[in-house]
Amino acid sequence: MVCAGLETLVDNSITGILAFPTSCDYYFYAKIMFAFFIILSLILYQRDKDKFLKSDMISAMGVSSIATIFVALLGTFLKIIQPDIFILVFVIGMILIVIWLLKK
Amino acid sequence: MGKSFMDLFGNFMLIGLAVLSLFAFGVGFQEENNVENQFIDNSLMNSTYGNLRTQLGELRDESQAQKTLFESENPTSGFGTILLFSIVSSGKVFNGMIVGVFNTIIKLPIVFLGLDPIIISVLSAILILTIIIGLWRLYKLGG
């Protein structure tokens with residue numbers, strides 16, 4: 001994939017710079033959110049494992065999805081996450097929360 | 001299958017409340033900060049939010065109506081038990097609420113993630129069977 005260079009950047013504000021990658025890859029922040037979710041889930045899982053000797057991946061994923069939804073919401077405020085990407089994050093997060101609550 | 005009807009009902013109402021809270025927080029946050037293109041502008045998100053609010057809002061009135069019905073019934077003694085037919089009415093009303101919340105929430109992954117109808121069909125079958133068995137145990141043993 002060939003993307004435009006930074007010299008084509010028009011909006012020099014923080015928001016403009018943050019939004020720049022989406023001009024090349026529409027799903028850029030969706031991938032960032034996914035990476036954030038995976039990292040947070042594994043951190044929570046490992047922390048629980050060290051603390052309680054027994055850990056639950058579904059709980060870690062449920063808690064991480066709440067955090068991911070909040071971060072994505074912040075992204076919509078900064079105009080770096082489009083509404084359809086937010087809806088995608090919201091729906092996937094909601095499914096994980098439902099599975100987590102049903103398991104409890 | 002071992003889940004009691006009460007557990008199932010409690011779980012689904014909590015799920016409805018959790019999803020409603022997420023919606024409410026998101027809508028409130030975007031409205032207060034004047035975000036352009038809010039996610040609630042999407043017609044399906046809007047209708048899901050509205051339906052959840054209506055269903056959970058009706059819960060109080062429905063519960064009160066069932067309580068009144070339960071209190072007004074005169075128990076008759078059966079073989080080693082006491083018969084109360086109002087429990088059947090409670091079962092019917094509250095199982096409708098479980099299915100209502102499930103149907104409202106499941107629409108989102110069907111539309112936005114393109115979930116296969118076969119998966120929905122299997123999940124619905126599991127839920128309905130769990131409800132039927134839970135209700136049967138409730139009618140038979142009272143809990």
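Derivation of every value follows stated rules applied to the coordinates shown; laboratory data play no part. Computed from a predicted model, the values in this text were never measured in an experiment. Positions of Cβ are generated from backbone atoms using ideal geometry, with glycine treated the same way; all protein chains shown enter the neighbour counts.
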10 Å Cβ neighbours from other chains, averaged over peptide A:64-73:
2
Would you tell me the mean number of C-beta atoms belonging to other protein chains that fall within 10 Å of each C-beta in B:87-94, as a whole number?
0
Filtered hits (aspartates and glutamates, Cα-Cα < 12 Å from A:Lys79, offset >= 8 within chain) -> B:Glu36
May I ask for the distance between the Cα centers of segment A:1-53 and segment B:1-77, given as a whole number of Å?
33
Test item: B:5-16 mean partner chain Cβ contacts at 10 Å
2
Multiply the residue gap between B:Ser21 and B:Ile118 by 0.36 nm, knock off their C-alpha separation, and tell me the result in nm, one decimal place.
32.0 nm
Cβ-placed point charges (K, R +1; D, E -1), dipole of the protein assembly as shown about Cα centre in debye, nearest 20
1000
Set of lysines near A:Lys51 by C-alpha distance (under 28 Å), chain-local residues within fewer than 8 positions excluded
A:Lys103, A:Lys104
Quick check: the angle from helix B:86-112's long axis to the longest principal axis of chain B, C-alpha only, nearest 10 degrees?
20
Using 1/(1 + (r/R0)^6) with R0 = 41 angstrom and r between the beta carbons of B:Ser47 and A:Leu6, what's the FRET efficiency to the nearest 0.05?
0.45
Sequence of A:Asp56, A:Asp50, A:Asp25 once ranked by neighbouring C-beta atoms within 10 Å, starting from the fewest
A:Asp50, A:Asp25, A:Asp56
Along the positive direction of the dipole of segment A:23-102 (beta-carbon charges: Lys, Arg +1; Asp, Glu -1; about the Cα centre), which of A:Gly75, A:Phe36, A:Leu88 reaches farthest?
A:Phe36
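Taking only C-alpha pairs under 8 Å that are 6+ residues apart, what is the relative contact order of chain B in percent?
Details: 80 pairs, mean separation 54.1, N = 143.
That works out to 38 percent.
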Ranked highest first by average number of other Cβ atoms within 10 Å, how do A:57-68, B:113-124 line up?
A:57-68, B:113-124
Once you list every other residue whose beta carbon is under 12 Å from the beta carbon of B:Val88, what net charge do they have if Lys and Arg are +1 and Asp and Glu are -1?
+1
So, by mean Cβ neighbours within 10 angstrom, what's the order for B:53-63, B:97-107 with the highest one leading?
B:97-107, B:53-63
